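Written out below as structure tokens is the structure these notes cover.
The values are calculated or read from the model by the stated rules, or taken from the named source; none is laboratory data. Computed from a predicted structure; not experimentally measured. Using ideal geometry, Cβ is built from the backbone for each residue, glycine included, and neighbour counts are taken over all protein chains shown.
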Amino acid sequence: MRAAVLHEIGQEKLEVLDDVEAVGFGPGKVKLRIRATGLCHSDVSAMSGILPQPAPFIPGHEGAGEVVDVGDGVSGLSAGDRVLVCWLPACGACPSCKRGQTQLCLAGFMNAGTPNFKRPGGDVFGFAGTGTFTEEVVVGAGCAVPIPDDVPFEIAALIGCGVTTGLGAAINTAKVEAGSSVAVIGCGGVGISTIQGARVQGAAQIVAVDPVASRREAALRFGATEAVAPDELADAKQRITGGEGFDYVFEVVGKSATARTAYDHTRRGGTLCVVGAGAMDDNFQVNMFELFFDEKRILPSMYGGGDVLRSYERAIALWRAGRIDLESMITHRVRLEEVNDALDQMRTGESLRTCIEL
Ligand SMILES: [Zn+2]
Ligand SMILES: [Zn+2]
């Protein structure tokens, strides 16, 4: 079958091959036919080595498709079911799951070190234990979450990562209050979802911050009340908050420099919510005096910061009610053979989300 493979960490281009096989099918597993997959920034970060990932590997963790085959012992799924791919499946039994924080369950990550694919040259890993830039993939049953019939595959794919991450940061983690002031630094797919979450929560002002003009324009269509380049943020803080700082600032880039900017533009007692996934050697610094004296809340948010399945359901409910716009987030559509175009569109900031149709 066809799949897009990265041979070595640090390479910029994927190679689309047709000699890849999905492996590992058996008890507790399901085989999926992927129909649509989004390109998430984490895929690019894994390719460049910012996020840890063994190679060669098949990127993609934001996917949806149909169940082809169900292993022994799997209940609640059967061939033909429409599902989205959850890259962080909940085991249901660990302390995090029992607290309802299934976004912190590590049980599924045990599979991330096991190859999901093979080809004549040897084993091939799947990113984050999934790997959706492929026609078929075998995953644990918990990674296959049934979706209602009215949710198109391309919408379901986005809910599998970017939308859940961004919406959840605003709703679950920061719990944005009605009437508050918000700034969102970084307006790709996750940042746009954060803006939509802040709007759903009733924020009065939502300032989108991004160096790319097309993303700033897009942010205004998704609920930002104004959009500025990074060097205009200090002025926006002065104008909108009287210099005090925003009630909430979301860092959706994954760099210590932008996290520090976000901290500096958060009001005393306000909330800095860190959504971006960054590198292990990039350290965020605050001094002990400001940490104490300014009482700013620093809240990281992983995969929506709450129960993952409930976050999916809420995203679907909000989409169905017309309260969030997911269709317009897909700015580009490509075939698997054009996956490198999708990577370019992400690196230049031209796309919010590129959907790869399979
Ligand atoms: Zn992602
Ligand atoms: Zn668990």
Next on the checklist: Just to be sure I understand, how many residues within the range 18-30 are surrounded by fewer than 20 Cβ atoms within 10 Å (Cβ to Cβ) and either within 26 Å of Ile147 (Cβ to Cβ) or touching a strand residue (DSSP E or B) at 6+ places or on another chain (Cβ under 6 Å) (or both)?
Outcome noted: 8
Checklist outcome for this item: Here the residues within the range 323-344 that are over 17 Å from the mean Cα position of the chain (by Cα) and part of a helix (DSSP H, G or I) are Leu336, Glu337, Glu338, Val339, Asn340, Asp341, Asp344
Checklist entry - What pairs can you find where one residue is in the range 241-260 and without any contact (Cβ under 8 Å) to a residue 60 or more places away in the chain, the other is part of a helix (DSSP H, G or I), and their Cβ atoms are less than 7 Å apart, with a gap of 6+ or different chains? => result Gly243/Lys237; Gly245/Lys237
Checklist outcome for this item: Within the range 75-108, of all residues that are of a type in the set (Lys, Arg) and more than 17 Å from Ala157 (Cα to Cα), the one farthest from ligand 1 (Cβ to nearest atom) is Lys98
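Residues in the range 205-215: is at least one in contact with a Leu (Cβ under 6 Å, 6 or more places away or on another chain), part of a helix (DSSP H, G or I) and surrounded by 15 or more Cβ atoms within 10 Å (Cβ to Cβ)? It would help to see each step written out before you state the result.
We begin by selecting, within the range 205-215, every residue in contact with a Leu (Cβ under 6 Å, 6 or more places away or on another chain); these are 209.
Retained after the next criterion (residues that are part of a helix (DSSP H, G or I)): none.
No, every residue in the range 205-215 fails to be in contact with a Leu (Cβ under 6 Å, 6 or more places away or on another chain), part of a helix (DSSP H, G or I) and surrounded by 15 or more Cβ atoms within 10 Å (Cβ to Cβ).
So that you can scan it fast, the table gives a plain yes or no per residue for (1) modelled with pLDDT under 95; (2) more than 17 Å from Ser42 (Cβ to Cβ):
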{"position": "Gly142", "(1), (2)": "yes, yes"}
{"position": "Ile155", "(1), (2)": "no, yes"}
{"position": "Gly160", "(1), (2)": "no, no"}
{"position": "Thr164", "(1), (2)": "no, no"}
{"position": "Lys175", "(1), (2)": "no, yes"}
{"position": "Val184", "(1), (2)": "no, yes"}
Checklist entry - Going by the conditions given, is Ala46 crowded, with 20+ Cβ neighbours inside 10 Å, in the same structural domain as Asp149 (by TED's automatic domain parsing) and assigned to a helix (DSSP H, G or I)? => result yes
Checklist entry - Pairs under 8 Å by beta carbon, first residue farther than 16 Å from Leu309 by Cβ in the range 74-88, partner in a loop (DSSP other than H, G, I, E, B) and within 16 Å of ligand 2 (Cβ to nearest atom), six or more apart or different chains? => result Val74/Gly28
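So which strands (runs of 3 or more DSSP E) are wholly in the range 128-202 and hold at least 3 residues that are touching a strand residue (DSSP E or B) at 6+ places or on another chain (Cβ under 6 Å) and within 16 Å of ligand 1 (Cβ to nearest atom)?
Working: elements: 136-140, 144-146, 181-185.
Correct list: empty, since no element meets the threshold.
Could you say which residue among Cys94, Cys86 is within 16 Å of ligand 2 (Cβ to nearest atom), buried (at least 17 other Cβ atoms within 10 Å of the Cβ) and of a type outside the set (D, E, K, R)? Quick ask: steps written out before the conclusion?
Values: Cys94 fails: buried (at least 17 other Cβ atoms within 10 Å of the Cβ).
Residue meeting the stated conditions: Cys86.
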Checklist entry - For the range 321-338, which residues satisfy the criterion of being under 27 Å from Ala170 (Cα atoms), in contact (Cβ under 8 Å) with a residue 24 or more places away in the chain and either among the acidic types (Asp, Glu) or loosely packed, with under 12 Cβ neighbours inside 10 Å (or both)? => result Arg323, Asp325, Glu327
Checklist entry - Taking the range 17-46, which residues are within 13 Å of ligand 1 (Cβ to nearest atom) and either at pLDDT 95 or above or in contact with a helix residue (DSSP H, G or I) (Cβ under 8 Å, 6 or more places away or on another chain) (or both)? => result Thr37, Gly38, Leu39, Cys40, His41, Ser42, Asp43, Val44, Ala46
